[in-house]
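Written below as structure tokens is the structure these notes are about.
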Amino acid sequence: METAQTTQQSATQAAWSKRPLIISGPCSAETEEQVIATAQRLANTGKVDVLRAGIWKPRTKPGMFEGIGAKGLPWLQQAKKITGLPTTVEVATGKQVEDALTFDVDILWVGARTTVNPFSVQEVADALRGVDVPVLIKNPINPDLELWQGAVERISRAGIKQVGLIHRGFSSYGNTDFRNAPMWHLAIEMKRRMPGLPIINDPSHICGRRDILQATAQKAIDLDFDGLMIESHIDPDNAWSDAKQQITPERLAEMLGEISWRKEDVSSEEFHHALEKLREQINHVDDELMQLISQRMNIAEKIGEYKKNNNVTILQSTRWNEILEKATKKASKLGLSEEFITKYMDAIHMESINRQNNIMNN
Ligand code: PEP
Ligand code: MN
């Protein structure tokens, strides 16, 4: 006989393995009415798999809304009962894990401010020992993949079998378009390191605003992410936290309808053949680039010998500025972005300096 509990477990399993996995709900649970109305409107879209809501909110500064606390957990339970949507909340302490599980929260997530702290992650992991619940782990606020991986290892070692990642961007100083810089290459690297783990993108906390949310979500889908976590609210402008980035459930549905969902692969032979040919060309060009770079470094070493014999500094700023200026001009004619070419030239230059340094000082 299927009990209510096993039905719920299979609903959670179905959601966990669905692609794309769509998680949505308010940044914070505020009132019972708000949680239930959001859940109902999300369920009505037919596009959402899991209901999220922050119960305990780690805020950067005191005096802001720090979450409704455990009293919001029965609201989520009720929302699930009405809509059938499995629920997920952020946990940062052992007590919060215990409380969330007592109220049948189906999926837990570790927030960015917790992933940075091995003591906290370990406390959460210890509270999870012997429990069978899926756990999503957000990237740490700083761009440190070791910390992110470390958190995954701590949670896995506690016996949690279903672990996933959430990419929510990284803190940076100064104004950028994003609230948290996406640094997509880090998410891609994490995918490479932990290929078995699903990775969800959280465009809400990356963007911090509504107007670039869809483009960011699209980018994640183009990069083969497994799903999206997007904050939604029945009255976004008056949300108690993260008001600027939340959208209504109906806007969410519209947005999800406008996203082009990509396949990772297709079986068409023609497609594979064409792709194979282009990939061969890329491999060929990569080979040549590497040969050329190696030649360039050999020349730099010769220069290093001359500099050593004449006791001249390695770095000659005027010459370097000249090279850089020429390169950016040429790059723009060739359709290469200034950002890319600057990074590329910096890397080449640093390697060249290192080579010359070896010559000069060995
Ligand atoms: C959140 O999801 O509301 C949240 C606090 O996120 P993060 O940990 O990414 O800041
Ligand atoms: Mn939030």
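The values are calculated or read from the model by the stated rules, or taken from the named source; none is laboratory data. What you see is a predicted model; the values in this text were computed from it and never measured. All Cβ positions, glycine included, derive from the backbone under ideal geometry; neighbour counts span all protein chains shown.
Against the conditions (1) more than 16 Å from ligand 2 (Cβ to nearest atom); (2) part of a loop (DSSP other than H, G, I, E, B), Arg179 satisfies every one except (1). For the stretch 50-84, the tally of residues that are free of Cβ contacts under 8 Å to residues at least 40 places away in the same chain and under 21 Å from the mean Cα position of the chain (by Cα) stands at 3.
Taking Gly54, is it at pLDDT 95 or above and closer than 28 Å to Asn142 by Cα? Break it down stepwise before answering.
On the way: at pLDDT 95 or above: yes; closer than 28 Å to Asn142 by Cα: yes.
When the stated conditions are applied, Gly54 passes them.
Say whether the condition of being at negative phi and within 16 Å of ligand 2 (Cβ to nearest atom) is met by at least one residue in the stretch 141-159. Yes: the stretch 141-159 contains one or more residues that are at negative phi and within 16 Å of ligand 2 (Cβ to nearest atom).
Residues that are surrounded by fewer than 15 Cβ atoms within 10 Å (Cβ to Cβ) and part of a helix (DSSP H, G or I) were ranked within the stretch 192-227; the one that is nearest to ligand 2 (Cβ to nearest atom) is Ala215.
If you go through the stretch 228-249 and keep only what is within 15 Å of ligand 2 (Cβ to nearest atom) and of a type in the set (A, V, I, L, M), you end up with Leu228, Met229, Ile230, Ala239, Ala243, Ile247. Scanning the stretch 228-278 for residues that are of a type in the set (Asp, Glu), within 15 Å of ligand 1 (Cβ to nearest atom) and in a loop (DSSP other than H, G, I, E, B) gives a single hit, Asp242. Residues in the stretch 314-325 that are of a type outside the set (A, V, I, L, M) and surrounded by 11 or more Cβ atoms within 10 Å (Cβ to Cβ): 3 in all.
So, of the residues in the stretch 42-52 that are over 16 Å from Ile200 (Cβ atoms) and crowded, with 17+ Cβ neighbours inside 10 Å, which turns out to be nearest to ligand 2 (Cβ to nearest atom)?
Step one: of the stretch 42-52, the residues over 16 Å from Ile200 (Cβ atoms) are 42-46.
Then keep just the ones that are crowded, with 17+ Cβ neighbours inside 10 Å; that gives 42-43, 45.
Working: Leu42: 16, Ala43: 21, Thr45: 20 Å.
If we take residues in the stretch 42-52 being over 16 Å from Ile200 (Cβ atoms) and crowded, with 17+ Cβ neighbours inside 10 Å, then Leu42 is nearest to ligand 2 (Cβ to nearest atom).
Within the stretch 183-227, the residues that satisfy the criterion of being within 20 Å of Trp16 (Cα to Cα) and away from ligand 1 (no atom under 16 Å from the Cβ) are Lys191, Met194, Pro195, Gly196, Leu197, Pro198, Ile221, Leu223, Asp224, Asp226. Scanning the stretch 1-45 for residues that are closer than 23 Å to Leu165 by Cβ, outside any helix (DSSP H, G or I) and of a type in the set (Gly, Ala, Ser), we see that the one that is nearest to ligand 1 (Cβ to nearest atom) is Ser28. When the stretch 228-267 is filtered for residues that are crowded, with 22+ Cβ neighbours inside 10 Å and within 21 Å of the chain's Cα centre (by Cα), the ones remaining, listed by number, are Leu228, Met229, Ile230, Glu231, Ser232, Gln245, Gln246, Leu252. Taking Ala112 as meeting all but one of (1) more than 13 Å from ligand 1 (Cβ to nearest atom); (2) surrounded by 14 or more Cβ atoms within 10 Å (Cβ to Cβ), write down the number of the exception. Against the list (1) more than 13 Å from ligand 1 (Cβ to nearest atom); (2) surrounded by 14 or more Cβ atoms within 10 Å (Cβ to Cβ), Ala112 comes up short only on (1). Would you be able to say whether some residue in the stretch 55-75 is within 24 Å of Gln214 (Cβ to Cβ) and within 16 Å of ligand 1 (Cβ to nearest atom)? No: zero hits. The single condition among (1) outside any helix (DSSP H, G or I); (2) under 25 Å from Val121 (Cβ atoms); (3) free of Cβ contacts under 8 Å to residues at least 40 places away in the same chain that Gly174 does not meet is (2).
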